[in-house]
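Inspection log for the structure reproduced underneath, given as structure tokens.
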Amino acid sequence: MKDELSGLSEPQLTKTYLDSPSTKLVDPSPHFEQLPISLAAHRLAAADNSAWKVHTDAMQRIAEGKSIIPLSIGDPDFNTPDYINVGLIEAIKRHRTHYTSPAGETRLKNELARLETRTSGYTRHPNQFTVFHGATGAIHATLSCIANPGDNVVTAEPKYIGYEPTCATIGVDLKTVPMDPPGFTVDVDALINAVDQRTVGMIINTPSNPMGNVTPAYDLKRLADECRIRNLWLISDEVYSLLCFEQKHVSVLNVVENLENVVVVDSLSKSHAMSGWRVGWTVSSPEFSERLADYALGAFFCGSPFIQDGATYALKHNTERVQKMVEQYKLRRDYTLDRVQAVEGLSAERPAGGMFVMVNVHEDGDQFARRLLDEAGVSVFPGSACGEGTRNFVRVGLAKPISELEEAWNRIESWLNNRERIEP
């Protein structure tokens, strides 16, 4: 099998990131430890980032010229389509380089409202949208506007690894609820039963990272209704909304007309190969959108108008090129599953969307990932970072053409056949 877009998707690793020399750390000031440091900074410094070590080590080895195949991150390998770049360049030529509204460019919000009205079946208005620096910025702002230190938000486990540090910056506890293997599909009752007196909301991720599960419409509707009854927020993270394979994505926006307690988060990072552009947004009630705009004003003042013009152009011409990328991800998913099935001792469920396959290695995933990098030159992400239930898993990314996936799996198979297995 061959990627149709391979000529347009030269595997990219940000050159400035890989080629930059390591920063030389200087000895801290003798007075540094006496200066005030926030609890948030202490929480982040104390966070367990060991799962990221495999990926960062892989990136360093690539920078040193070593033969490493990185399957440990969800950064699309496709280049941003040229027609989108043209839109941005034209905006710069028009000198769209000054301040703009903290809530986002009117033209971008108009386009988002038009698209969501068409796809959801409900009328959505531009004043329901707020633009942020990526989906992470949108989630951070949303949590900052609904929660105080000591509150908690409930989410399903396996979880997206980025939720925890985002919550840590605010002082909000992330209360994870284990879902049942092997599919780890969302159990609405389990999420509802996890609500306590400190809970201010829930985060649902569909299609999910890492499992690629799609939450069905009736579960989304029930979650929104149950949260409304309990005066809780429902945050629906839908950044993989366009990366669905056999079935069309169902958004909370399709099943709930009144968004009084609902915030939907989306972005262009995955769907349009625009991860470095940092364009994300929220859809909410007009009233909450005003609160988010106030937060944006205080937190970063405003975004870049020329970036948002490029994003508007991307949404207006959002057809064939995006669909071809989705088709390639599907081919890569199927190829990966075929290779997993052919290896004794590995197993995986079929993801309905997203950019990853969670592979059950039936042993400690942290040790597996470390040895795979050190001994075979392939980096995958340890599943323990997503929850205790996936400790024996590794997350395999699909952000490489099939030619590189083939080489990676050849290395994996050879390594598994020849390694000295360490028993628990």
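The values are calculated or read from the model by the stated rules, or taken from the named source; none is laboratory data. None of these values were measured; they are calculated from a predicted model. Note that we place each Cβ from the backbone using ideal geometry, even for glycine, and neighbour counts take in every protein chain shown. Just the protein is used for accessible areas: all its heavy atoms, side chains included, with ligands, DNA and RNA removed. Shrake-Rupley method; radii C 1.70, N 1.55, O 1.52, S 1.80 Å.
Scanning region 215-254 for residues that are β-branched (V, I, T) and open to solvent by 30 Å² or more (accessible area, probe 1.4 Å), which turns out farthest from G383 (Cα to Cα)? First the steps, then the outcome.
Applying the first criterion (β-branched (V, I, T)) to region 215-254 yields 215, 229, 235, 239, 250, 252.
After this cut, where a residue has to be open to solvent by 30 Å² or more (accessible area, probe 1.4 Å) as well, the list is 229, 250.
Working: I229: 34, V250: 26 Å.
My answer is I229.
Could you run through region 98-119 and say how many residues are part of a helix (DSSP H, G or I) and surrounded by 18 or more Cβ atoms within 10 Å (Cβ to Cβ)? Don't jump to the end; show me each part of the working.
In the first step, residues of region 98-119 are kept if they are part of a helix (DSSP H, G or I); the result is 106-119.
Narrowing the set further to residues that are surrounded by 18 or more Cβ atoms within 10 Å (Cβ to Cβ) leaves 108-109, 111-113, 116.
Of the residues in that region, 6 qualify.
Kindly provide the set of residues from region 111-126 that are touching a residue at least 24 places away in the same chain (Cβ under 8 Å) and out of contact with any helix residue (DSSP H, G or I) (no Cβ under 9 Å at 6 or more places or on another chain), ordered by number. Reasoning before the result, please.
Applying the first criterion (touching a residue at least 24 places away in the same chain (Cβ under 8 Å)) to region 111-126 yields 111-112, 115-116, 119-122, 124-125.
Passing the criteria: none in range.
Select from region 357-407 the residues that are of a type in the set (G, A, S), outside any helix (DSSP H, G or I) and touching an Asp or Glu at 6+ places or on another chain (Cβ under 9 Å) and list them in ascending order. Steps first, answer last, please.
Residues of region 357-407 that are of a type in the set (G, A, S), as a first pass: 365, 369, 376-377, 379, 383-385, 387, 389, 397, 399, 403.
Adding the requirement that they be outside any helix (DSSP H, G or I) leaves 377, 379, 387, 397, 399.
If the condition is that a residue be of a type in the set (G, A, S), outside any helix (DSSP H, G or I) and touching an Asp or Glu at 6+ places or on another chain (Cβ under 9 Å), then S379, G387, G397, A399 are the ones that fit.
Return the only residue of P158, P182 being buried (at least 20 other Cβ atoms within 10 Å of the Cβ) and either within 19 Å of the chain's Cα centre (by Cα) or in contact (Cβ under 8 Å) with a residue 12 or more places away in the chain (or both). Give the steps one after another, and end with the answer.
Working: P182 fails: buried (at least 20 other Cβ atoms within 10 Å of the Cβ).
Among P158, P182, only P158 is buried (at least 20 other Cβ atoms within 10 Å of the Cβ) and either within 19 Å of the chain's Cα centre (by Cα) or in contact (Cβ under 8 Å) with a residue 12 or more places away in the chain (or both).
Is it true that some residue in region 188-204 is assigned to a loop (DSSP other than H, G, I, E, B) and buried (at least 21 other Cβ atoms within 10 Å of the Cβ)?
Step one: filter region 188-204 for residues assigned to a loop (DSSP other than H, G, I, E, B), giving 194-198.
Then drop every residue that is not buried (at least 21 other Cβ atoms within 10 Å of the Cβ), which leaves none.
Checked region 188-204: no residue is assigned to a loop (DSSP other than H, G, I, E, B) and buried (at least 21 other Cβ atoms within 10 Å of the Cβ).
Could you say which residue among V340, V322 is in contact with a strand residue (DSSP E or B) (Cβ under 9 Å, 6 or more places away or on another chain) and not in a loop (DSSP other than H, G, I, E, B)? Write out each step before concluding.
On the way: V322 fails: in contact with a strand residue (DSSP E or B) (Cβ under 9 Å, 6 or more places away or on another chain).
Matching residue, one of V340, V322: V340.
Every residue, every condition in (1) of a type in the set (A, V, I, L, M); (2) within 24 Å of Q328 (Cβ to Cβ); (3) under 20 Å from the mean Cα position of the chain (by Cα), yes or no:
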site	(1), (2), (3)
E363	no, no, no
D366	no, no, no
R370	no, no, no
P382	no, no, yes
V394	yes, yes, yes
A408	yes, yes, no
W415	no, no, no
R419	no, no, no
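Would you confirm, using the coordinates I've provided, whether A299 is open to solvent by 10 Å² or more (accessible area, probe 1.4 Å), assigned to a helix (DSSP H, G or I) and either farther than 27 Å from V177 by Cα or among the aromatic types (F, W, Y) (or both)?
Yes: the conditions hold for A299.
Hey, can you tell me all the residues within region 225-256 that are touching a helix residue (DSSP H, G or I) at 6+ places or on another chain (Cβ under 9 Å), of a type in the set (D, E, K, R) and part of a loop (DSSP other than H, G, I, E, B)?
Hits for region 225-256 are R230, E238, E246.
Before we move on, is V279 without any contact (Cβ under 8 Å) to a residue 40 or more places away in the chain and open to solvent by less than 30 Å² (accessible area, probe 1.4 Å)? Quick ask: steps written out before the conclusion?
Details: without any contact (Cβ under 8 Å) to a residue 40 or more places away in the chain: no; open to solvent by less than 30 Å² (accessible area, probe 1.4 Å): yes.
Criteria not met by V279.
Restricting the search to region 97-114, which residues are out of contact with any Lys or Arg (no Cβ under 6 Å at 6 or more places or on another chain), over 11 Å from T312 (Cβ atoms) and not hydroxyl-bearing (S, T, Y)?
Residues satisfying the conditions are H98, P102, A103.
Between a first residue in region 53-67 that is under 10 Å from S379 (Cβ atoms) and a second residue that is at pLDDT below 90 and not polar (S, T, N, Q), which pairs have beta carbons less than 8 Å apart while being 6 or more apart in sequence or on different chains?
The qualifying pairs are H55/I73; M59/L13; M59/Y17; M59/L18; I62/L13; I62/L18.
Can you find a residue in region 127-148 that is open to solvent by 20 Å² or more (accessible area, probe 1.4 Å), out of contact with any helix residue (DSSP H, G or I) (no Cβ under 9 Å at 6 or more places or on another chain) and small (G, A, S)?
No: zero hits.
Filter region 313-345 down to residues that are among the charged types (D, E, K, R) and surrounded by 18 or more Cβ atoms within 10 Å (Cβ to Cβ) and give me whichever is modelled with the lowest pLDDT. Full working, then the answer.
First pass over region 313-345, keeping only residues among the charged types (D, E, K, R): 316, 320-321, 324, 327, 330, 332-334, 338-339, 344.
Retained after the next criterion (residues that are surrounded by 18 or more Cβ atoms within 10 Å (Cβ to Cβ)): 321, 332-333, 339.
Details: R321: 82, R332: 97, R333: 97, R339: 97.
Within region 313-345, the match that is modelled with the lowest pLDDT is R321.
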